[in-house]
Amino acid sequence: MTSADDSAGARPTGGISPAAVPPPASRRRRGRALAACLAVAAASAAVLPCAAPAAARPPVRPAAKPAAKPSPKPSGRASRRPAPPERMSAVGGELLGLPGVQVRPLAGAPELPKEITGLSWIVSDATTGEVLASRNAHWRLPPASTLKMLFADTVLPRVPRHARHVVEPEELADMGEGSSLVGIKEHLEYRVEDLWRGVFLRSGNDAVHVLSHMNGGVAKTVRDMQARADALQADDTHVVSPDGYDAPGQVSSAYDLTLFARDGLRDPDFRSYCSTRTASFPGDVDPRTHKRQSFEIQNTDRLLTGAWGMTPYPGLIGVKNGFTSNAGNTFTGAAVHGGHTLIVTVMHPEPVHPNQVYLETGALLDWGFSALGRVEPVGALVGPRTAGAASPAPAGTGRQARPGPGAGAGAAAVQAGSTDGVPTGWVAGGIAAVLAAGGWGLARGRARARRRAAWAAAPGTGSGTGSATGGGSTAAGGGGRTGSTAVGGRRRRRLPRGRG
């Protein structure tokens with residue numbers, strides 16, 4: 001391609017032959033004008049072919065190479081995937097009951113990741129209770145082992161962690177075929193805290209069944225779990241089995257699973273178990289030494305441990321993964337950064353990669369932390385229906401802020417939130433005001449007692465039993481004083497001696 005400068009120097013063009021003898025002035029002027037015209041034409045010819053394709057490239061690229069190859073395969077998968085209901089539950093906000101992606105970006109908000117394939121997902125701020133974005137948040141789908149979060153919410157407070165229990169054979173019966181197991185043996189003793197590590201780290205259905213029997217049986221535990229779900233306003237959840245094993249009619253939603261995670265993370269034991277990467281678990285008894293053996297178990301949460309080629313997510317504090325042939329992959333993960341705890345739940349992503357559910361959760365966590373303060377919430381995580389069903393939680397700010405550098409402590413950050421729609425920052429202010437008023441009243445009472453003792457000991461005064469006269473005035477020290485005293489620049493009414 002010829003540049004404008006090159007074409008301007010190529011004067012012998014267009015069939016004009018140079019003369020041997022210099023032409024007259026008029027001819028020279030005409031020649032220079034003609035050469036200038038030809039130079040402009042050549043420059044235009046050199047520039048315009050470059051500009052035209054550049055303007056046409058952006059619309060051509062998406063329609064050609066990137067879209068042509070993958071289109072048949074994704075469209076085939078998409079046609080087999082079910083469609084969400086047209087209307088779903090509106091718990092937490094009307095937008096959460098609509099199908100499709102729900103997000104309300106403000107100026108400067110990051111775009112949602114384009115590679116998210118989950119049938120249902122939700123990004124929530126556990127600190128404020130705000131839902132930052134969602135897709136089909138209330139779609140009722142099989143939850144797999146993520147339902148164990150509700151199991152822990154229900155049973156964990158009822159069984160002391162340091163209790164010991166000898167496993168009976170009937171406690172390991174009636175587990176579903178192909179259940180995930182931690183390796184519990186009958187007729188052996190286990191500490192309750194070890195059983196919970198089996199639940200959270202290895203997703204052991206055998207540990208769930210033993211703990212269910214300690215709670216009064218599997219049937220009772222299922223009823224207790226359903227009651228707990230109802231109290232938390234998790235109306236999309238129907239419990240059939242305590243371990244999340246596939247069962248007809250057993251469903252939950254990304255919204256409900258997030259409620260279970262948020263409720264559980266307020267409990268120190270729950271947080272400790274779900275954030276543990278590895279642990280030693282009691283094994284069988286050595287027949288030669290008669291000593292109890294042990295073996296190491298690792299958490300199956302790949303976003304926490306970095307297994308299967310994953311990179312551990314910074315600040316991740318749990319919570320629970322799951323998989324069955326019916327449910328596919330499900331996962332709820334929570335991470336802390338800049339004083340905020342985000343919870344992401346992804347259900348039923350396309351099985352395009354062994355780590356797909358973790359990759360999508362990590363991408364949504366990245367988006368969520370970048371979007372703090374840059375999106376309007378599309379809904380809220382509701383509180384429990386009754387005050388008695390709420391787990392105790394210290395107060396937090398109740399307001400959304402953009403994350404700062406560094407990660408906060410997961411225990412402190414996740415316990416902040418709202419109480420039945422009232423920001424806990426307001427609750428904290430009220431509690432602080434009550435405590436301050438109580439302290440002030442206590443100090444005032446002590447000051448009164450000291451003054452009464454001083455009045456009683458002063459010469460010329462009564463015994464402090466109510467013998468003062470003069471309508472509430474006293475003449476201690478020979479000087480007449482009125483029945484009030486100045487303290488800290490304020491005048492306060494002095495009580496007569498001998499009264500409370």
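We did not get these values from a lab; they are worked out from the coordinates using the rules stated. Quick caveat, the model's predicted, so the values are computed rather than measured. Cβ placement follows ideal geometry from the backbone for every residue including glycine, while neighbour counts extend to all protein chains displayed.
Key figures
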quantity: Cβ-defined net charge surrounding I317, 13 Å radius [Lys, Arg +1; Asp, Glu -1]; calculated: +3
quantity: Estimated vicinal HN-Hα couplings, Hz - segment 178-188 in sequence order (Karplus 6.51, -1.76, 1.60; Gly, Pro = x); calculated: x, 4, 6, 10, 9, x, 7, 10, 6, 6, 10
quantity: Positive minus negative residues near L156 (Lys, Arg vs Asp, Glu; Cβ under 10 Å); calculated: -1
quantity: Coordinate range along principal axes, alpha carbons of segment 120-426, Å, largest first; calculated: 64, 42, 35
